[in-house]
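K.L.:
Handing you a structure now.
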Amino acid sequence: MMIWTRVYTVAPFKVEMKRSTAFWRMPTTSWAYLVIRKLAINMVKYRQTISSVFVTASLLAGFCGWINLINLDGAIAQNSSRTVRNQDIQRLKRSGQRWIEINRRNQTITAWQGNRPLYTVLVSTGKSTTPTPTGIFNIQTKYPTARMQGEDYNVPDVPHVMYYSGNYAIHGAYWHRSFGTPISHGCTNVAPDHAAWLYKWASVGTPVVVR
């Protein structure tokens, strides 16, 4: 009787099944025949399962890599300071969406709707030793009140807090009236009533431009 050989490769195993006259001469009801037949069927099923798992894992890895690429620019924007390009501003103005601009030189914050400035007030950004980083960010979280702590400060009940990059936030400041002067630890201090307006107007995801 003709003999054939089939080789299955299942990393890290190689399973070789040979069709021989000795096997096919076995009675189909014999114990040895049933064991060998069951083993062969299980090997085939195992190969199919491993292949499916491998394909699924590969697809998931590729998908996750794609997601990471999508989020890469956002991650860079959220954690590093960079120069804001004029084309970035023009793109936001053409978008028609709401966005916030913090101008460190003028010590102002402006709420924009596309290319229309809706609301501009004086603020206090970070002083020279703790500057407010520049870049394009997005509001990450909002809290009606929050406690803010550092090495030399511990302020409870800070109102209308909007975090946009790590510990950097736009928030109300009730403990001083020096708006227009950079005196903060890096956050953007806004008078409480103006902070309330911005908090209500902006939402999570609203772009924040600091320049």
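K.L.:
Kindly check whether there is at least one residue in the stretch 149-162 that is in contact with a Phe, Trp or Tyr (Cβ under 9 Å, 6 or more places away or on another chain) and closer than 24 Å to THR83 by Cα.
P.N.:
yes
K.L.:
Can you tell me how many residues within the stretch 109-123 are surrounded by 14 or more Cβ atoms within 10 Å (Cβ to Cβ), more than 17 Å from ALA169 (Cβ to Cβ) and more than 29 Å from the chain's Cα centre (by Cα)?
P.N.:
Here the count works out to 3.
K.L.:
Filter the stretch 185-206 for residues that are within 24 Å of the chain's Cα centre (by Cα) and either among the polar types (S, T, N, Q) or outside the structural domain of GLY114 (by TED's automatic domain parsing) (or both) and give the result.
P.N.:
Selection gives THR188, SER203, THR206.
K.L.:
When the residues of the stretch 194-210 are filtered to those that are surrounded by 16 or more Cβ atoms within 10 Å (Cβ to Cβ) and small (Gly, Ala, Ser), which remaining residue is nearest to ARG82 (Cα to Cα)?
P.N.:
If we take residues in the stretch 194-210 being surrounded by 16 or more Cβ atoms within 10 Å (Cβ to Cβ) and small (Gly, Ala, Ser), then ALA202 is nearest to ARG82 (Cα to Cα).
K.L.:
Any residue that is surrounded by 16 or more Cβ atoms within 10 Å (Cβ to Cβ) and on the phi > 0 side of the Ramachandran plot - is there at least one of those in the stretch 95-108?
P.N.:
yes
K.L.:
Here is a check on your reading of the model: is ALA195 farther than 23 Å from GLN113 by Cβ, out of contact with any Asp or Glu (no Cβ under 6 Å at 6 or more places or on another chain) and aliphatic (A, V, I, L, M)?
P.N.:
It is false that ALA195 is farther than 23 Å from GLN113 by Cβ, out of contact with any Asp or Glu (no Cβ under 6 Å at 6 or more places or on another chain) and aliphatic (A, V, I, L, M).
K.L.:
Please work out which residue is farthest from ARG85 (Cα to Cα), limiting yourself to the stretch 170-193 and to residues that are hydrophobic (A, V, I, L, M, F, W, C) and out of contact with any Gly (no Cβ under 9 Å at 6 or more places or on another chain). Before the answer, list the steps.
P.N.:
Quick first cut of the stretch 170-193, residues hydrophobic (A, V, I, L, M, F, W, C) only: 170, 173, 175, 179, 183, 187, 190-191.
With the extra rule that they be out of contact with any Gly (no Cβ under 9 Å at 6 or more places or on another chain), the set shrinks to 170, 173, 175, 179.
Working: ILE170: 22, ALA173: 30, TRP175: 34, PHE179: 27 Å.
Among them, the one singled out is TRP175.
K.L.:
Has the stretch 164-171 got at least one residue that is within 18 Å of LYS93 (Cα to Cα) and touching a residue at least 60 places away in the same chain (Cβ under 8 Å)? Walk me through it before giving the result.
P.N.:
In the first step, residues of the stretch 164-171 are kept if they are within 18 Å of LYS93 (Cα to Cα); the result is none.
Within the stretch 164-171 (the criterion being within 18 Å of LYS93 (Cα to Cα) and touching a residue at least 60 places away in the same chain (Cβ under 8 Å)), the answer is no, since none of the residues qualifies.
The values are calculated or read from the model by the stated rules, or taken from the named source; none is laboratory data. Values in this document were obtained by computation on a predicted structure and should not be read as measured data. Virtual Cβ from ideal backbone geometry, glycine too; neighbours counted across all protein chains shown.
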